[in-house]
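Below you'll find the structure, written out as structure tokens, and then a few comments.
What follows draws every value from the coordinates through simple rules; no lab data is involved. Everything quoted here is computed from the prediction, not taken from an experiment. Ideal geometry is used to build each Cβ from the backbone, glycine not excepted, and the neighbour counts take in all protein chains shown.
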Amino acid sequence: MALLSVENVSVFFKRHLAGGDLQVVNSISFDVEAAEILGVVGESGCGKSVTAAAVMGILPQNAYYKGDILFEGQRLSTLSAEGLRALRGNRISMIFQEPMTSLNPVLTVGYQIAEVLMVHKGMSKAEAMARAAELLADVKIPSPTLRIKDYPHQMSGGMRQRVMIAMAIACNPALVLADEPTTALDVTIAAQVLSLLRGIQEKFNMSMVLITHDLGLVAENAQRIAIMYAGRLMESAETASLFKRPRHPYTVGLLNSIPKGRHIPLVPIPGFVPKPDNLPPGCKFSDRCSHVVKRCKEAEPPLIEIEKGHFNRCILNGGDGV
Ligand SMILES: Nc1ncnc2c1ncn2[C@@H]1O[C@H](COP(=O)(O)OP(=O)(O)O)[C@@H](O)[C@H]1O
Ligand SMILES: [Mg+2]
């Protein structure tokens, strides 16, 4: 049994329009095994964060999902609000892109970490503060017993993201959802924070969903990769298989847009991710695809297992010159 199973999950925003609710995620499925890192990759607006929010049970009030999300064999939709709260921050936790908006500016970082432990582990304030200092040491913040007294604004962006990681791992979760955890940081700091996160994931045998728009970031960090576009899964495979032979033209496009060095020009994918209320007919990538043929615009291709564990949603299927 997988630790997390996302089965045919679709996400909608409620709308009072003739067209009905707005669908932003369309029947996606993936599993995350124990101690595994799954990379979820796609450009901005493809539905990555909304999918993570559904798993975490934090979709906005005006949104809902269909399909099944199973965590440790439990169907999350059958849990009470209290049951979900007991999981969140405890067995499943999340790291967001922008720590400044997720940290409370008027509380010390130590207290914010301690609060997680008081809520979920029933620790006293003194116990929890002592543990918070240990956690700051775990995320390699120097002078942790002093820094627990800092307010978020007294820390750099990189330090704040380390605090977010400390909060996320405070209860020893089985699964961490990391949504663009290093995107807001500059390159050097981003690399340090990512390597820290990787070290912690290995040390504590956590599973992680690493969400990013940068395919390069997951190349060395994920065992498997799921490529999302326009709310769909376009390709998914073991990392080695995906990089050895990417099949979907969108995946190839993402690969070509990874910076490879100063003298190698990157080739961005032309055009933009379509808005969920304005998707092209047929394959949702067809209007940006350099391999497009008439058939692509007629019907949306299904996701097909073309090789063991390697799935692709393209009629060309890696043949015909792709
Ligand atoms: N609160 C919202 N109301 C309406 N649409 C939303 C809302 N939040 C996100 N969306 C839409 O859902 C789609 C997926 O967004 P998101 O999951 O944030 O993408 P990603 O994380 O891949 O950049 C986008 O088209 C976005 O505009
Ligand atoms: Mg996002």
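Rounded to the nearest 0.05, what FRET efficiency do Ser27 and Leu107 have when you use their Cβ-Cβ distance and R0 = 45 Å?
Result of the calculation: an efficiency of 0.65.
What number, in percent, do you get for the relative contact order of the stretch 22-167 if the mean sequence gap of Cα pairs under 8 Å and at least 6 apart is divided by its residue count?
So the answer I get is 19 percent.
Can you list which of the chymotrypsin sites (Phe, Trp or Tyr not before Pro) found in the stretch 200-262 are DSSP loop residues with at most 14 other C-beta atoms within 10 Å?
Hits after loop and neighbour filter: Phe204.
If we count trypsin sites (Lys or Arg not before Pro) as exposed when they sit in a DSSP loop and have at most 13 other beta carbons within 10 Å, what is the longest stretch of the chain that avoids them all? Working shown, then result.
On the way: sites that count: Lys14, Arg15, Lys149, Lys260, Arg262, Lys308.
By the stated rule (loop sites, at most 13 other Cβ atoms within 10 Å), 16-148.
Enumerate the whole-percent occupancy of each 10 Å bin, from 0 to the last occupied one, for all C-alpha pair distances of the stretch 4-222.
Values per bin, smallest distances first: 8, 33, 36, 19, 4, 0.
Could you give the nm distance between label points at Phe13 and Ser195, where each point is 7 Å from its Cα heading toward the beta carbon?
3.9
Under 8 Å for C-alpha pairs, at least 6 residues apart: give me the relative contact order for the chain, rounded to a whole percent.
Reported as a whole number, the value is 20 percent.
Loop-only GluC sites (Glu not before Pro) in the stretch 1-64, please: DSSP not H, G, I, E or B, and at most 16 other Cβ atoms within 10 Å.
The qualifying sites are Glu33.
With 24 Å as the limit, write out which pairs from Lys66/Lys284; Lys48/Lys121; Lys121/Lys149; Lys48/Lys140; Lys48/Lys275 have Cα-Cα distances beyond it, or answer none. Mind showing how you got there, number by number?
Numbers: Lys66/Lys284 21 Å; Lys48/Lys121 30 Å; Lys121/Lys149 21 Å; Lys48/Lys140 29 Å; Lys48/Lys275 14 Å.
Those over the limit are Lys48/Lys121; Lys48/Lys140.
Are there any GluC sites (Glu not before Pro) in the stretch 175-244 that are in a DSSP loop and have at most 14 other Cβ atoms within 10 Å? List them by number.
Glu220
About the Cα centre of the chain, what is the dipole size in debye to 20, counting +1 per Lys and Arg Cβ and -1 per Asp and Glu Cβ, all else neutral?
Roughly 320 debye, rounded to the nearest 20.
Principal axis lengths of the stretch 136-205 from Cα atoms, whole Å, largest first?
For the stretch 136-205, the Cα extents along the three principal axes come out at 30, 26, 16 Å.
Using a Cα-Cα cut-off of under 14 Å, which aspartates and glutamates could be cross-linked to Lys297, ignoring same-chain neighbours fewer than 8 residues away?
Here the aspartates and glutamates satisfying the reach criterion relative to Lys297 are Asp287.
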